[in-house]
Amino acid sequence: MKRKPMIFNEQRLQAMMDRKGIDAVIVRGTENSKYMSEFFHNGGNLGYRPFTVFYFRDPARKPAFVVPAVDLHLAMDSTWIEDVRAYAMAEFFTDLDVHFYKDFFEAARDILNERNVKGLTIGTEGENLTTGFRQQLEAMLDGNKLVDVALDLDMVRMVKTPEEIRRLRKATEITVKAHASFRAEIKPGKTDEDLTRVALARMIAEGADGIHFINVGCGPGTSFAAHSPFPTGHRMQAGDFVKVDMGAMYRGYPGDFVRSYFIGRASDRHREIWARLNEVQLELGMWLKPGVTGGECFERSYNHISKYLPNFPREFVGHGLGLNPHEQPRMNRINRTVLEPDTVICLEFSYYHEGVRHHTEDTFLVKADGVEHWTADCPRELIVPA
């Protein structure tokens, strides 16, 4: 008997399928296949290398998981799904003496025939699938009704299981500690390469499995950039602007938050901008609660900040955090996603002035009776001593 799912919220998916009259879902998207199988695979983003879960509303039809042959053994050890099959990809022979299908679709046809999949309503990821894969999948499912459940799966994943919350919280804690090392390294004479190096080293030292991302804006060449991809070698001096957006990875889940600084001094206007951005961010963060929509969060914060900062640039002010660093709810003006307990939210605000991009971001857990502010201990003073 395989273990029960720890990450995949099976009850929430079943409720969605019951509500929409969906008999089965077939998913191969990177996040969805990892979420439902709980196998954190590599290569699923490649069009020719699908990792695909078949899940049925009727418990008599058992779920199945199809993977490349090279990943079969680890997939069998990692997933809660008992029926794991492989197709010849990357290797024709492995340490397991089992049959490999010639390709994914041969394996899929066997799974569907064994479960007598005919005349069912089947959910797929629709427009999110690559064109070639989608065409072959739809041809294979001829005789069934196909519906696009990509957004419905986003809604399923929005509410986190206890294990997901544990991993996200740990990733955030590691990122906060890495930020402390980053901030301490902001000194005249140091470079943006030094900043990057100490942050990455601290993430690994604190238990990160990897680095999700780090984007450093440092000095006139990148102080305006939202996501500067590489260090430039800029040597810091008094008066420079420094910003970092970064996140550690822990067991497949990322941290994500931002702080901005000036070295030694900043104008009164820069101080005011930073104060207003943090004021509205913290007010909105502590206001978050089940039942409000992403659009209502946007309107509340936009109406607040627009009193003080003209031409506020943000198209959205927050997003969910999960396997994908940008999940539902996406807090823009038209978003109607309703917040629920156990949703992890990142709120972020930015503003341009005199060639720099102020940016702040914090992480919150929405609970039934309030919020947890996971990044509350990260300093938010604008000026670091020179």
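The values are calculated or read from the model by the stated rules, or taken from the named source; none is laboratory data. No experiment lies behind these values; they were computed from the predicted model shown. Glycine also receives a Cβ, built like all others from the backbone with ideal geometry; neighbour counts cover every protein chain displayed. Side chains are part of the model used for accessible areas, which takes the heavy atoms of the whole protein and leaves out ligands, DNA and RNA. Shrake-Rupley method; radii C 1.70, N 1.55, O 1.52, S 1.80 Å.
Scanning region 72-103 for residues that are closer than 21 Å to E38 by Cα and aromatic (F, W, Y) yields W80, Y87. Listed by position, the strands (runs of 3 or more DSSP E) enclosed by region 273-370 that each have at least 1 residues that are closer than 30 Å to R251 by Cα, at pLDDT 95 or above and among the hydroxyl-bearing types (S, T, Y) are 343-353, 356-367.
Every residue, every condition in (1) touching a residue at least 40 places away in the same chain (Cβ under 8 Å); (2) over 18 Å from D240 (Cβ atoms), yes or no:
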| site | (1), (2) |
| --- | --- |
| R333 | no, yes |
| T337 | yes, yes |
| V344 | yes, yes |
| H353 | yes, no |
| K367 | no, yes |
| A376 | no, yes |
| V384 | yes, no |
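Taken over region 338-348, the criterion of being open to solvent by less than 10 Å² (accessible area, probe 1.4 Å) and over 19 Å from V216 (Cβ atoms) is satisfied by L339, T343, V344, I345, L347.
For region 227-252, residues that are part of a loop (DSSP other than H, G, I, E, B) and either open to solvent by less than 30 Å² (accessible area, probe 1.4 Å) or over 26 Å from L323 (Cβ atoms) (or both) total 11. Among the residues of region 80-107, those that are touching a residue at least 60 places away in the same chain (Cβ under 8 Å) and crowded, with 16+ Cβ neighbours inside 10 Å comprise W80, I81.
From the list G219, G291, exactly one residue is on the phi > 0 side of the Ramachandran plot and surrounded by fewer than 19 Cβ atoms within 10 Å (Cβ to Cβ). Which is it? Just a single option satisfies the conditions, and that option is G291. The residue that is farthest from K187 (Cα to Cα), counting only those in region 203-216 that are without any contact (Cβ under 8 Å) to a residue 40 or more places away in the chain and surrounded by fewer than 15 Cβ atoms within 10 Å (Cβ to Cβ), is G210.
Checking each residue in region 281-329 for being within 11 Å of S350 (Cα to Cα), of a type outside the set (D, E, K, R) and in contact (Cβ under 8 Å) with a residue 24 or more places away in the chain picks out Q281, I305, L309, F312, P313, V317. Among the residues of this structure, R197 does not count as one that is of a type in the set (K, R) and touching a residue at least 12 places away in the same chain (Cβ under 8 Å). Might you check whether a residue that is touching a residue at least 12 places away in the same chain (Cβ under 8 Å), of a type in the set (D, E, K, R), within 28 Å of K367 (Cα to Cα) and touching a Lys or Arg at 6+ places or on another chain (Cβ under 6 Å) occurs anywhere in region 241-264? Yes, region 241-264 contains at least one residue that is touching a residue at least 12 places away in the same chain (Cβ under 8 Å), of a type in the set (D, E, K, R), within 28 Å of K367 (Cα to Cα) and touching a Lys or Arg at 6+ places or on another chain (Cβ under 6 Å).
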